[in-house]
Amino acid sequence: MKILIVEDDISISAFVVKGLKEAGFTVDTAFTGDEGYIKLITGVYDAAVMDIMLPEIDGLTVIEKIRSKNINTPIIILSAKREVDDRVIGFQKGGDDYLTKPFSFSELLVRIQALIRRARKGETVTSLECADLKMDLISHSVSRGETSIELQPKEFAVLEYMLHNKGRVISKTLMMEAVWDYNFDPQTNIVDVVISRLRSKIDKDFEKKLLHTVRGIGYVLKDE
């Protein structure tokens, strides 16, 4: 599978390229918006990773231009902007997913794999769910049944990651790499703290429990 990385930060680009190649992908790079645009309209890619702030033309303009040419390559937007409005604009311009900086490679890899799977099924997914728990990726909102659930940014990020990996046991180390900076202190109990807060919000007042602890391994979100 072939991925295009459009990122003007050489260190970030090299970091992502190295990880993707180790994961078995073929990778092309572009360091300006114009270069990324040309490669997307002349090449064939299974997915692309697009920074927003690029030399020449910005990433959102690149996405908008290729979508106008009916090029449907799945694209993950990279941005330091975390506001809901920024995410909405990214999706409106034609992005398929939105990942904020700083990010961990493990999370990026999971998202790329998910995008490719969805593209092959012909699906466009802007929401995630597990039983009656639903997350809207555009409005950045969460609900369970008819109940709206307010989450802090890290709680939302952890839940989103677990929804992307529904049914899979996630270790604390992998969770740390996916949601926090990959250099984060591995001795901290921050994962347990956030999981505890998340469980109190999405499970405590509901009969059916979705977030489970697998002793000695990690956590799993499942509707069984």
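Take the residues of the stretch 127-162 that are more than 30 Å from K21 (Cβ to Cβ) and among the β-branched types (V, I, T): which is surrounded by the most Cβ atoms within 10 Å (Cβ to Cβ)?
Once the filter is applied, the top-ranked residue is V142.
Looking at the stretch 134-202, what helices (runs of 4 or more DSSP H) fall wholly within it and have at least 2 residues that are at pLDDT 85 or above and aliphatic (A, V, I, L, M)?
153-164, 190-202
Here are the criteria: (1) within 23 Å of V158 (Cβ to Cβ); (2) part of a strand (DSSP E or B). Tell me which single one P102 does not satisfy.
The failed condition is (2).
Would you be able to tell me the number of residues in the stretch 24-52 that are touching a residue at least 24 places away in the same chain (Cβ under 8 Å) and surrounded by fewer than 15 Cβ atoms within 10 Å (Cβ to Cβ)?
Summing the residues that are touching a residue at least 24 places away in the same chain (Cβ under 8 Å) and surrounded by fewer than 15 Cβ atoms within 10 Å (Cβ to Cβ) in the stretch 24-52 gives 4.
The values are calculated or read from the model by the stated rules, or taken from the named source; none is laboratory data. Note that this is a predicted model, so its numbers are computed, not measured. For neighbour counting, all protein chains shown are included, and Cβ atoms are generated from backbone atoms with ideal geometry for every residue, glycine included.
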